[in-house]
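Q: The structure follows.
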Amino acid sequence: MGFSAALQGEMGHAAVLGRQDAELRLLDTMRRILVARAKCDREYSAALTQLARTADKMDSPDPLLDDSKLHKAWRVMVDGLEDWSNTMRENADTLVADTVEKLVALITEKRASRKVYYEEHQRITNEVSRLQEAVGKARAYYEQTLELYKSSKTKYEDQFLKGKPGRRLDELKERYQKACRKLHQMHNDYVLLLCEAADYERDFRTVLLPGLLEYQERVQEDMVDKWRSILLEVWELTDTSKGRYSEIQAEVGSAVNAISSRTEYSAFSEENKSSPPEPVTFEFCSDLLGDGVGSLQPGRLAVDSLTVDSLRLRLTDIEHRLKEVMAELREKQNLLNQHETEVATIRKGMGAGGVGGMFQESPHLASRLPVLKRASDVLHRELNELRCKESWLQHQHSLIHDPLAALGCEDPPTNQPWETTHVNGDSTCKSKSLLSLNFAHQRDSLSLKSRSTAIKELLRKPFSRWEDQAGTEEPVGPPPTTSPADQHSLNDLAITPDGATTPVDHPQATSPAIPNASGMLLCPGGPGGAINGIPELTYDPDRCLEDEPWFHGVLPREEVVRLLVEEGHYLVRETTRNDEQQIVLSVCWGSHKHFIVQTTPEGHYRFEGPAFPTIQELILYQHQCGLPVTNKSGAILRTPIFRERWELNNDDVELREKIGRGNFGDVYKARLRDSGLEVAVKTCRVTLPDEQKKKFLQEGRILKQYDHPNIVRFIGICVQKQPIMIVMELVPGGSLLSFVRNHKGQLTVKQMMGMCLDTASGMAYLESKNCIHRDLAARNCLVGHRNSVKISDFGMSREEEEYYVSDGMKQIPIKWTAPEALNFGKYTSLCDVWSYGVLCWEIFSSGEVPYHGYSNTKAREMIDTGYRMQAPINTPDTMYQLMLKCWQYDPDNRPHFPEIYSSVHDIYLSL
Ligand code: ADP
């Protein structure tokens, strides 16, 4: 719609002028910018030309690249660059010479049209004003003339009535007639003027003004078309996706598409064919030894008293490296398998939905495929390298191991040490200097108060069977009873231990027993009561095996290995093999050796030596006699290792009421019989396989080291018998998840912030201890007095700075887990930071399910594409900003827990 009909008023007139002024300003801006744009394009074109020439100079012809499609594509790109630059310069020239000129002409035309419109409008409105003024004046004159007429008429009539004819009457008559004539003329003039003014005014409104606007509208529309065509020209001259530009791109595109990884090197390898390198032989130069140097022989290891120690050291080192290599191999192979499974799943999806199907729904899958392929290629290469390494290490191993074994110093070669991560329990090697492990660390004390009392009791009661020999300098002789089975070799009864684990410090431990110089516990009796330096043990027939301080129940082997750190350390434990309960003596002698206690047909107990009616007597004998448990192992019992402070008796704990159900079994409220302390006890179902039981105890092992108000406190484990149990402080409020759900709408923002603060404090402590929780979530925290939060459930935790999972991810809590852990199995404390963000969200949402309504897979996909949960109602904005920081995709961009703690603390204080 045009403007002529609508803009006849004064305001409309001002608007028409204003609009034209604005358009003139815009035209002027365009002119300036287009000139500047053309200048930029010319400069850019000059830079591109320069670049193309430099590329030309640098790319000197190389016959080795003659057939390369990669090189050809590059050449097309460089040529295209110059072409591109020329096109750009030409267009810039046209822009200035042609288009900008048109723009200048339009500006001039527009200015002129504005002037014409303004003046014409002025002229016709002035005419109306002039007529108005004339009418006003005429009216005033009319009034004067009328007055004159009236007075001359009155005067004449008065004289006439007096009846005095004469000169005076004639004069008045003449004046009267003159005034009358003037009035009549005036009247006619006034009438005609009014008619003219009225006609003009009507024409002004209905013809002149609309006509002027209509004319102006047509002029403006004409200029709009011109303006549009100028803009079209600009668009075309600057469009790099059309014309010559698109031709250049098409040429480059087809050159790039001609590249194929399969054919790129075909011609090249055909032309440069050559045979593989000649093998280099590394042989012992026999000239070196000349006529002979002692017993040294070319190319053969010298195994003698001079080298045996160093060879063993080498062997140990090689075994260690082999273990590492094989662990790495396993880990990488697992990772590779995972990648391959994932690739297959993605491909299958592509097959079903087609590239456009599945990939449209989950665009991140499209980018995942090349990432996986690349990672798999790297893994293949690394695996090859590791296999080579494994092979030459094995070769070196057999080179050293076999002659040592032939000397009788090593295990038989059938039992390769690295294959089972243990050595044969009956090794005959006596080289303690090489094999002894040297861990210097503090040990927890053995017992609770009652237990130490029992030990003191033992000290007072000498072992009755050997009473008369106690205190003698010589090792005691064999007991009076021997059986034919005594002669039987026990070699095949030794069970194999796991590899050594790193010992852990227990700084909080208090030791009622007597520590020796290295902080280890000596057995009761101490050095004073020793026979040949061997501490004395006593036997109480009223005390059962479970009450012996050195009996550790079903303590897992990892723990056992961790406890036995010096030569001669030993303990007794229970294990189940093929559903049969066995009592095992574990000894540190070189490596860790485990001997199953044998039962004679008479129901007595023995190793290689004499049999005894009770296991306590057997152990006491073995401890006091100073003879090896088996000849082959040479293992001698020197120091019994007592139960640690946290190894409680099952009977010490009285289960009262079930308060929860965990993954491994029920959780109970319980009471410690000794102290009456109320505790929580997690039990492990008796029917679970050993592997699961070990996992169950893992939580205890981790918790044992921590002491913090926001970490649930560990009290002990009960492994004397089934069911095994973990005892910990009773946290009365139950799980944080149920707590926030049950208190929906009742908690203040400050209280919720307090919970976030507690959790951050506990997590900062864990991070300082290099502990990655891996399952931080509201369901795994507990609520204590005054709403304090305690982090619990350390079943998945790891004490490492960085931890990779390679055994599948079946039980991963997807919605709480950071993307790098889900995608690459990489866990650090920064993954816990991600989970912390989700946990805070759970608190503020009163325990809603995160990513509510989305499946795990969908939530994972959404996160990968940048989605983050909204802030629940009432979340302080600063807290929500912190959650978003915790959910940064790149872990390096997330804050660490100490920083989180201080931010949460500030927010808490600000409320
Ligand atoms: P699991 O780790 O085996 O899954 P949880 O640690 O989740 O077991 O415990 C299961 C439930 O038992 C918890 O949700 C909680 O209600 C209760 N519970 C666990 N530990 C304690 C404790 N120390 N104090 C009070 N209740 C506890």
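The values are calculated or read from the model by the stated rules, or taken from the named source; none is laboratory data. Quantities reported herein were computed from a predicted structural model and do not represent experimental measurements. Using ideal geometry, Cβ is built from the backbone for each residue, glycine included, and neighbour counts are taken over all protein chains shown. Protein only, heavy atoms only, side chains kept; ligands, DNA and RNA dropped before computing areas. Shrake-Rupley method; radii C 1.70, N 1.55, O 1.52, S 1.80 Å.
Q: If you go through the stretch 278-295 one residue at a time, do you hit one that is in the same structural domain as Met77 (by TED's automatic domain parsing) and under 30 Å from Trp74 (Cα atoms)? Full working, then the answer.
A: Taking the stretch 278-295 first, the residues in the same structural domain as Met77 (by TED's automatic domain parsing) are 278-295.
Then keep just the ones that are under 30 Å from Trp74 (Cα atoms); that gives none.
Among the residues of the stretch 278-295, not one is in the same structural domain as Met77 (by TED's automatic domain parsing) and under 30 Å from Trp74 (Cα atoms), which makes the answer no.
Q: Give the residue, chosen from Gln722, Gln751, Gln705, Gln746, that is open to solvent by 10 Å² or more (accessible area, probe 1.4 Å), assigned to a loop (DSSP other than H, G, I, E, B), of a type in the set (S, T, N, Q) and in the same structural domain as Ala821 (by TED's automatic domain parsing). Let's see the steps before the verdict.
A: Working: Gln722 fails: in the same structural domain as Ala821 (by TED's automatic domain parsing); Gln751 fails: assigned to a loop (DSSP other than H, G, I, E, B); Gln705 fails: in the same structural domain as Ala821 (by TED's automatic domain parsing).
Of the residues listed, the single one that is open to solvent by 10 Å² or more (accessible area, probe 1.4 Å), assigned to a loop (DSSP other than H, G, I, E, B), of a type in the set (S, T, N, Q) and in the same structural domain as Ala821 (by TED's automatic domain parsing) is Gln746.
Q: I want to confirm something. Restricting to the stretch 232-271 and keeping residues that are in contact with a Ser or Thr (Cβ under 7 Å, 6 or more places away or on another chain) and of a type in the set (Asp, Glu), which single residue is farthest from Met88 (Cα to Cα)?
A: So the residue we want is Glu264.
Q: If I ask for residues that are among the β-branched types (Val, Ile, Thr), near the ligand (Cβ under 10 Å from one of its atoms) and either open to solvent by 60 Å² or more (accessible area, probe 1.4 Å) or in contact (Cβ under 8 Å) with a residue 60 or more places away in the chain (or both), which ones from the stretch 642-674 would you list?
A: Kept after step one, since they are among the β-branched types (Val, Ile, Thr), are these residues of the stretch 642-674: 653, 659, 667.
Then keep just the ones that are near the ligand (Cβ under 10 Å from one of its atoms); that gives 659, 667.
Ile659, the sole residue that qualifies.
Q: Can you say whether Phe739 is open to solvent by 10 Å² or more (accessible area, probe 1.4 Å), in contact (Cβ under 8 Å) with a residue 24 or more places away in the chain, near the ligand (Cβ under 10 Å from one of its atoms) and under 14 Å from Phe696 (Cβ atoms), as far as the supplied structure shows? Outline the logic, then answer.
A: Working: open to solvent by 10 Å² or more (accessible area, probe 1.4 Å): yes; in contact (Cβ under 8 Å) with a residue 24 or more places away in the chain: yes; near the ligand (Cβ under 10 Å from one of its atoms): yes; under 14 Å from Phe696 (Cβ atoms): no.
No: the conditions fail for Phe739.
Q: Here is a further query. Using the structure shown, decide if Leu677 is within 16 Å of the ligand (Cβ to nearest atom) and not polar (S, T, N, Q). Outline the logic, then answer.
A: Details: within 16 Å of the ligand (Cβ to nearest atom): yes; not polar (S, T, N, Q): yes.
Here the answer is yes, as Leu677 does meet what is asked.
Q: With respect to Asp707, is the statement that it is among the acidic types (Asp, Glu) and more than 16 Å from the ligand (Cβ to nearest atom) true? It would help to see each step written out before you state the result.
A: Working: among the acidic types (Asp, Glu): yes; more than 16 Å from the ligand (Cβ to nearest atom): no.
Judged against the criteria, Asp707 is not a match.
Q: Might you check whether a residue that is crowded, with 19+ Cβ neighbours inside 10 Å, part of a helix (DSSP H, G or I) and within 12 Å of the ligand (Cβ to nearest atom) occurs anywhere in the stretch 774-785?
A: Checking the stretch 774-785: at least one residue is crowded, with 19+ Cβ neighbours inside 10 Å, part of a helix (DSSP H, G or I) and within 12 Å of the ligand (Cβ to nearest atom).
Q: Continuing with the same structure: Which residue out of Thr683, Thr630, Thr639 is touching a residue at least 12 places away in the same chain (Cβ under 8 Å), in contact with a strand residue (DSSP E or B) (Cβ under 8 Å, 6 or more places away or on another chain), among the hydroxyl-bearing types (Ser, Thr, Tyr) and near the ligand (Cβ under 10 Å from one of its atoms)?
A: Working: Thr630 fails: near the ligand (Cβ under 10 Å from one of its atoms); Thr639 fails: near the ligand (Cβ under 10 Å from one of its atoms).
Residue meeting the stated conditions: Thr683.
Q: Could you check, for the stretch 843-850, whether at least one of its residues is open to solvent by 10 Å² or more (accessible area, probe 1.4 Å), among the β-branched types (Val, Ile, Thr) and more than 24 Å from Lys373 (Cβ to Cβ)?
A: yes
Q: Please work out if Gly808 is in contact with a helix residue (DSSP H, G or I) (Cβ under 9 Å, 6 or more places away or on another chain) and modelled with pLDDT under 90.
A: Numbers: in contact with a helix residue (DSSP H, G or I) (Cβ under 9 Å, 6 or more places away or on another chain): yes; modelled with pLDDT under 90: yes.
Yes: the conditions hold for Gly808.
Q: Which residues, taken from the stretch 185-228, are without any contact (Cβ under 8 Å) to a residue 60 or more places away in the chain and under 60 Å from the mean Cα position of the chain (by Cα)?
A: Val224, Asp225, Arg228 - these are the residues of the stretch 185-228 that are without any contact (Cβ under 8 Å) to a residue 60 or more places away in the chain and under 60 Å from the mean Cα position of the chain (by Cα).
Q: If you check Asp793 against the conditions, is it assigned by TED's automatic domain parsing to the domain that holds Arg868, modelled with pLDDT of 90 or more and under 24 Å from Pro709 (Cβ atoms)? Break it down into steps so the answer makes sense when it comes.
A: Values: assigned by TED's automatic domain parsing to the domain that holds Arg868: yes; modelled with pLDDT of 90 or more: no; under 24 Å from Pro709 (Cβ atoms): yes.
So Asp793 fails the test.
Q: Something else now. Is it true that Ala255 is more than 30 Å from His121 (Cα to Cα), assigned by TED's automatic domain parsing to the domain that holds Glu120 and surrounded by 14 or more Cβ atoms within 10 Å (Cβ to Cβ)? Reasoning before the result, please.
A: Working: more than 30 Å from His121 (Cα to Cα): yes; assigned by TED's automatic domain parsing to the domain that holds Glu120: yes; surrounded by 14 or more Cβ atoms within 10 Å (Cβ to Cβ): yes.
Judged against the criteria, Ala255 is a match.
Q: What are the residues in the stretch 736-762 that are farther than 19 Å from Leu909 by Cβ and among the hydrophobic types (A, V, I, L, M, F, W, C), if any?
A: Of everything in the stretch 736-762, those that are farther than 19 Å from Leu909 by Cβ and among the hydrophobic types (A, V, I, L, M, F, W, C) turn out to be Leu736, Leu737, Phe739, Val740.
Q: Read through the list (1) in a helix (DSSP H, G or I); (2) modelled with pLDDT under 95, then give the number of the only condition that Phe739 fails.
A: Only one criterion is unmet by Phe739, namely (2).
Q: For the condition open to solvent by less than 40 Å² (accessible area, probe 1.4 Å), at pLDDT 85 or above and more than 17 Å from Leu372 (Cβ to Cβ), what is the one hit in Leu329, Leu311? Show your work before the answer.
A: Details: Leu311 fails: at pLDDT 85 or above.
Step by step, each of Leu329, Leu311 is checked, and only Leu329 is open to solvent by less than 40 Å² (accessible area, probe 1.4 Å), at pLDDT 85 or above and more than 17 Å from Leu372 (Cβ to Cβ).
Q: Related question: Select from the stretch 833-862 the residues that are closer than 30 Å to Ile346 by Cβ, among the β-branched types (Val, Ile, Thr) and part of a helix (DSSP H, G or I) and list them in ascending order.
A: Across the stretch 833-862, the qualifying residues are Val833, Val838, Thr857.
Q: Out of all the residues in the stretch 637-692, which are of a type in the set (Ser, Thr, Tyr) and part of a loop (DSSP other than H, G, I, E, B)? It would help to see each step written out before you state the result.
A: So the first thing to find is which residues in the stretch 637-692 are of a type in the set (Ser, Thr, Tyr), and the list is 639, 668, 675, 683, 687.
Answer for the stretch 637-692, where residues must be of a type in the set (Ser, Thr, Tyr) and part of a loop (DSSP other than H, G, I, E, B): Ser675, Thr687.
Q: Okay, next question. Do the conditions hold for Pro613, that is, is it in contact with a His (Cβ under 7 Å, 6 or more places away or on another chain) and open to solvent by 10 Å² or more (accessible area, probe 1.4 Å)? Even if it seems obvious, please write down each step before you answer.
A: On the way: in contact with a His (Cβ under 7 Å, 6 or more places away or on another chain): yes; open to solvent by 10 Å² or more (accessible area, probe 1.4 Å): yes.
Here the answer is yes, as Pro613 does meet what is asked.
Q: Further, regarding this structure: Considering only residues of the stretch 272-288 that are part of a loop (DSSP other than H, G, I, E, B) and of a type in the set (A, V, I, L, M, F, W, C), which is most open to solvent (accessible area, probe 1.4 Å)?
A: Phe282
Q: Suppose the filter is under 24 Å from Asp93 (Cα atoms), open to solvent by less than 90 Å² (accessible area, probe 1.4 Å) and among the hydrophobic types (A, V, I, L, M, F, W, C); does Val35 pass it?
A: On the way: under 24 Å from Asp93 (Cα atoms): yes; open to solvent by less than 90 Å² (accessible area, probe 1.4 Å): yes; among the hydrophobic types (A, V, I, L, M, F, W, C): yes.
Here the answer is yes, as Val35 does meet what is asked.
Q: Additional query: Which of the numbered conditions does Glu729 fail, given that it passes all the others? Conditions: (1) within 14 Å of the ligand (Cβ to nearest atom); (2) over 16 Å from Phe794 (Cα atoms); (3) surrounded by fewer than 20 Cβ atoms within 10 Å (Cβ to Cβ).
A: Only one criterion is unmet by Glu729, namely (2).
Q: Only one of these conditions is not met by Glu699: (1) within 9 Å of the ligand (Cβ to nearest atom); (2) at pLDDT 90 or above. Which number is it?
A: The number of the failed condition is (2).
Q: Right, here's the next one. Please determine, by comparing only the residues of the stretch 863-904 that are part of a helix (DSSP H, G or I) and over 23 Å from Thr828 (Cβ atoms), which one is least open to solvent (accessible area, probe 1.4 Å). Break it down stepwise before answering.
A: Here is the first cut: in the stretch 863-904, the ones part of a helix (DSSP H, G or I) are 863-864, 877-886, 891-893, 897-904.
Imposing the further condition that a residue be over 23 Å from Thr828 (Cβ atoms) reduces the set to 877-880.
Values: Asp877: 100, Thr878: 84, Met879: 1, Tyr880: 36 Å².
Ranking the candidates gives Met879 first.
Q: For the stretch 289-308: of the residues being open to solvent by 70 Å² or more (accessible area, probe 1.4 Å) and of a type in the set (D, E, K, R), which is nearest to the chain's Cα centre (by Cα)?
A: Result: Arg300.
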